[in-house]
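Here the structure is laid out as structure tokens; the discussion comes afterwards.
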Amino acid sequence: MGDLVLHLDNINKSFGGLSALSDVNLHVEEGTTHAIIGPNGAGKSTLLNVCIGRLKPDTGKVTFAGEVLTGRQPHEIAQLGVARVFQTPEIFQEMTLIENVMIPALSHRDGAFRLNAAELLSRQGEVRDEAEHILEDVGLKDMMMVEAGSLSRGDKRRLELGMCLILRPRLLLLDEPTAGMARHDTNQTIELLKKIKSRGMTKVIIEHDMHVVFSLADKVSVLARGQIIAGGDPQSVREDPKVKEAYLGGAQ
Amino acid sequence: MTNTKKPLLNDTFVVIIFAAAILAMPIWLDPIGGNYPDLLQKFAIYGIFAIGFNILFGLTGYLSFGHAAFLGVGSYAAVWSFKLLTMNVLPAVIFGVVFAGILAAIIGFLSLRRTGIYFSILTLAFAQMSYNLAYSVLTPITNGETGLQLARSDPRILDSLFSDGSVGAGLPSTDLFGETMSGYPGFYFCAVLLIICFYISMRIFRSPFGLMLKGIKSNQNRMRYTGLNTRPYMLTAFIISGMYAGLAGSLLAVTDPLAGAERMQWTASGEVVLMTILGGAGTLVGPMLGAGLIKYFENIFSSFDDNVLTQAFSFLPDSVVDFVVPVVGLFVGSGWHLTLGLLFMIIVIFLPGGLVEGFRRIFNYFRSGGKTKPQSVEAHNQAGE
């Protein structure tokens with residue numbers, strides 16, 4: 001397998017007196033899909049927020065491909081190739097789908113700042129082609145002139161995934177990409193994620209749905225009460241008694 | 001399914017129509033009493049002010065309550081250019097734009113650390129501070145309450161180089177290479193600048209820069225997580241917007257060479273907000289329409305008095321006239337603010353997109369043959385075909 005590319009070392013984070021993450025260590029191999037599962041309130045989303053710079057950990061550091069992410073601005077982290085799909089889709093509601101996908105492409109190109117006010121949007125053929133291509137990938141091309149706010153929840157998630165993919169991320173963080181989706185949509189999303197797996201991008205995915213986890217993940221880590229309690233390949237995690245206990249609350 | 005969204009009108013065409021409409025204002029405003037140079041100049045100048053304000057507010061959604069500061073600085077810079085250098089308006093306009101840009105860079109750098117209402121309050125605070133400084137500490141530059149005026153004894157270095165040194169009777173007037181900048185020539189000078197400003201604004205709206213600013217307005221978080229450093233982009237928009245205001249301020253001085261601190265007062269900042277929202281924030285022509293409407297009200301409605309009204313209603317029986325004139329009189333003359341306030345309320349409540357949205361609805365109504373359809377559904381159907 002590939003080298004370890006994402007390192008989370010001794011991450012601690014507490015809100016007030018409540019410890020959300022305590023001493024979390026996580027190492028992700030390049031090109032793999034790493035699922036993080038765990039009961040509600042286990043600290044999964046907090047973990048992703050620490051990775052993308054939305055939250056600053058109390059102690060510990062996050063390293064990606066040799067670059068320390070901790071303490072950097074969100075846009076700097078994004079420029080290093082880390083993209084994230086949020087639990088509630090963060091899209092540009094009032095704009096058309098094609099604009100939604102063109103904007104990330106443009107900010108990927110000019111994010112650090114370039115005065116591109118004298119250029120014409122209608123001359124950005126390359127960016128537009130790329131955006132159309134991505135929309136085709138996520139299955140939304142025939143709706144590209146529709147306002148994003150009018151999409152269904154599942155389509156919004158697919159759009160957001162497209163907005164992340166056009167950044168050509170090296171690390172894609174997905175926060176419950178199939179939450180609230182019907183089974184059919186879930187399967188479509190799984191297919192889509194499998195397809196992008198072949199592009200050699202590293203993915204960290206938070207998921208409740210075990211069907212999704214076992215279809216996609218190469219490695220699984222189980223997070224409970226802010227701690228990693230188990231990890232390994234999906235099969236061994238499924239049979240780990242500690243995992244069963246965490247999920248079922250020790251009812252056995 | 002078409003690949004490209006076909007705009008209603010081609011961009012070049014829009015600019016040509018806009019230019020024609022502006023330059024022909026003396027003709028088509030004549031029947032409604034708007035054809036006198038002083039008012040026409042105001043239309044053009046406040047049009048520039050509002051178009052510039054719209055680049056910030058319409059694209060990024062950041063509501064500045066301090067744009068009057070840039071207007072004021074533009075005026076002071078222009079008058080100083082008249083006093084020290086030359087009565088030629090070009091340097092005055094350039095100085096106005098440059099100084100407003102510098103002030104915008106400073107105020108923007110500090111204010112853009114916050115968003116929403118805090119940003120608005122910060123800009124308001126800076127503008128009120130400028131206003132109060134102009135009255136107090138900065139009196140040597142602003143001449144305090146009297147306002148900055150021209151004097152016969154001003155040095156005017158460049159002018160004195162090229163003339164024989166004889167000072168004519170009375171104060172010199174502003175000029176563009178010999179053409180006096182008052183009356184209609186003054187209007188056409190402002191109008192040409194307005195058209196250029198409109199074109200620049202349109203290019204910004206149609207550029208990747210504009211799209212990114214719209215992205216910031218729509219979802220600033222998402223913009224950050226796509227790798228955009230929002231601050232330099234916001235600051236650039238703020239500076240451009242401030243330079244537009246500075247240009248408008250310098251043109252106020254070009255058409256009437258004096259500058260007073262009241263130009264920086266918060267009411268002036270509020271006025272441009274009103275103009276932009278009234279016409280339609282985020283639209284290209286909306287701010288110009290709003291500016292025109294407000295200046296028209298200010299100048300025409302406020303000049304109506306009871307005599308004019310009695311004449312207008314003279315076709316009615318006397319007893320009715322006695323009743324109607326005092327009632328209508330409340331809304332005109334010095335009461336024009338009341339009309340404006342009502343109009344503003346009606347527009348904000350029923351047409352949040354301003355006058356432009358109103359026109360669009362009327363247009364869609366006629367195009368669909370009298371059947372009204374909610375716009376979003378219509379757009380959806382079209383795109384789905």
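Just so it is clear, none of the values below were taken in a lab; they were calculated from the coordinates. Being a predicted model, the structure only gives us computed values, none of them experimental. Positions of Cβ are generated from backbone atoms using ideal geometry, with glycine treated the same way; all protein chains shown enter the neighbour counts.
Looking at the square roots a ≥ b ≥ c of the eigenvalues of the Cα gyration tensor of the range B:11-266, which shape do they give, rounded for a/c under 1.5, prolate if a/b is larger than b/c, or oblate? Before the final figure, lay out the partial values.
Working: a/c = 2.19, a/b = 1.40, b/c = 1.57.
Since a/c reaches 1.5 but b/c is at least a/b, the shape of the range B:11-266 is classed as oblate.
Kindly state, to the nearest 0.05, the FRET efficiency for B:Glu262 paired with A:Arg123, given R0 = 45 Å and r defined as their beta-carbon distance. The formula returns an efficiency of 0.50 here. Set the Förster radius R0 to 22 Å, insert the Cβ-Cβ distance between B:Thr310 and B:Asn35 as r into 1/(1 + (r/R0)^6), and round the FRET efficiency to 0.05. Calculated transfer efficiency: 0.35. Within the listed set A:Ser22, A:Ser45, A:Ser150, the Gaussian network model of chain A (springs between alpha-carbon atoms below 10 Å) gives the highest mean-square fluctuation for A:Ser150.
Here the gap between A:Leu115 and A:Ile229, fully extended at 0.36 nm per residue and compared with their Cα-Cα distance, gives a gain of 36.1 nm. Which of the residue pairs A:Lys197/A:Lys219; A:Lys61/A:Lys195; A:Lys61/A:Lys203; A:Lys219/A:Lys244; A:Lys156/B:Lys217; A:Lys44/A:Lys203 have a Cα-Cα distance greater than 21 Å in the structure shown? Violating the 21 Å limit, Cα to Cα: A:Lys61/A:Lys195. Counting every other Cβ atom within 10 Å of each residue's Cβ, A:Thr178, B:Thr12, A:Thr63 order from fewest to most as B:Thr12, A:Thr63, A:Thr178.
Counting only whole DSSP H helices of chain B, the ones at least 30 Å long by C-alpha along their axis and with mean Kyte-Doolittle hydropathy no lower than 0.5 are B:37-60, B:89-111, B:183-205, B:230-255. Helix A:97-110: angle to the longest alpha-carbon principal axis of chain A, degrees 0 to 90, nearest 10? Tilt relative to chain A: about 80 degrees.
Within 10 Å of each Cβ in A:121-127, how many Cβ atoms from other chains are there, averaged over the peptide? Don't skip to the end; give the middle numbers.
Values: counts 8, 6, 3, 3, 0, 0, 1.
Other-chain Cβ atoms within 10 Å of each residue's Cβ, averaged: 3.
As a calculated quantity, the FRET efficiency between B:Val320 and B:Gln149 at R0 = 51 Å, using C-beta atoms, amounts to about 0.55. Residue exposure proxy: B:Tyr76, B:Tyr199, ordered by other Cβ atoms within 10 angstrom of their Cβ from fewest to most, comes out as B:Tyr199, B:Tyr76.
Would you mind finding the longest exposed-site-free stretch of chain B, with exposed trypsin sites (Lys or Arg not before Pro) meaning DSSP loop and at most 11 other Cβ atoms within 10 Å?
B:153-370
log10 I(q)/I(0), Debye, Cα-only the protein assembly as shown, no solvent, q = 0.05, 0.09, 0.10 Å⁻¹? With no solvent term, the Cα-only Debye profile gives -0.32, -0.85, -0.97. In order along the range A:6-23, phi translates into HN-Hα couplings of 10, 10, 10, 10, 6, 6, 10, 8, 10, 10, x, x, 8, 8, 8, 9, 10, 6 Hz, rounded to whole numbers, per the Karplus curve 6.51 cos²θ - 1.76 cosθ + 1.60 with θ = phi - 60° and x for Gly and Pro.
Give the average, rounded to an integer, of partner chain Cβ atoms located within 10 angstrom of each Cβ in A:166-172.
Working: counts 1, 3, 0, 1, 0, 0, 0.
Rounded to a whole number, the mean comes out at 1.
Placing a pseudo-label 7 Å from each Cα along the Cα-to-Cβ vector at A:Arg168 and A:Thr63 gives an inter-label distance of 2.6 nm. According to the square roots a ≥ b ≥ c of the eigenvalues of the Cα gyration tensor, what is the shape class of the range B:15-148, taking rounded for a/c under 1.5, prolate for a/b larger than b/c otherwise, and oblate for the remainder? Cα axes put the range B:15-148 in the oblate bin.
For chain A, compute Rg over Rh where Rg is the Cα radius of gyration and Rh is the Kirkwood radius from the inverse mean 1/r over Cα pairs.
My calculation puts Rg/Rh at 0.98.
Could you state the angle between the C-alpha long axis of helix A:153-165 and the longest principal axis of the C-alpha atoms of chain A, as a value from 0 to 90 degrees rounded to the nearest 10? Compared with the principal axis, the helix lies near 80 degrees. Percent of C-alpha pairs per 5 Å bin in the range A:94-168, short distances first: 3, 17, 29, 24, 16, 8, 3, 0. The distance between label points at A:Asp23 and B:Ile102 comes to 6.0 nm (points 7 Å beyond Cα on the Cα→Cβ vector).
Residue by residue along A:109-116, Cβ atoms of other protein chains within 10 Å of the local Cβ number 6 on average.
Annotation: extensible slack from B:Ser334 through B:Ser160 equals 58.1 nm (criterion: 0.36 nm per residue apart, minus Cα-Cα distance). Between B:Phe43, B:Phe363, B:Phe344, the GNM of chain B built on Cα springs shorter than 10 angstrom shows B:Phe363 fluctuating the most. Put a dot 7 Å past the Cα of B:Ile300, heading toward its Cβ, do the same for A:Lys244, and the two dots end up 8.4 nm apart. Here is the list for the range A:106-166: trypsin sites (Lys or Arg not before Pro) lying in DSSP coil, each with at most 14 other C-beta atoms within 10 angstrom of its C-beta, are A:Arg114.
What does the highest-first list of B:240-246, B:28-34 look like by mean Cβ count within 10 Å?
Peptide ranking by packing, descending: B:240-246, B:28-34.
Relative contact order for chain B: what percent, with Cα pairs under 8 Å and sequence separation of 6 or more? Can you show the working numbers first?
On the way: 571 pairs, mean separation 105.9, N = 385.
Once normalised by length, the contact order is 27 percent.
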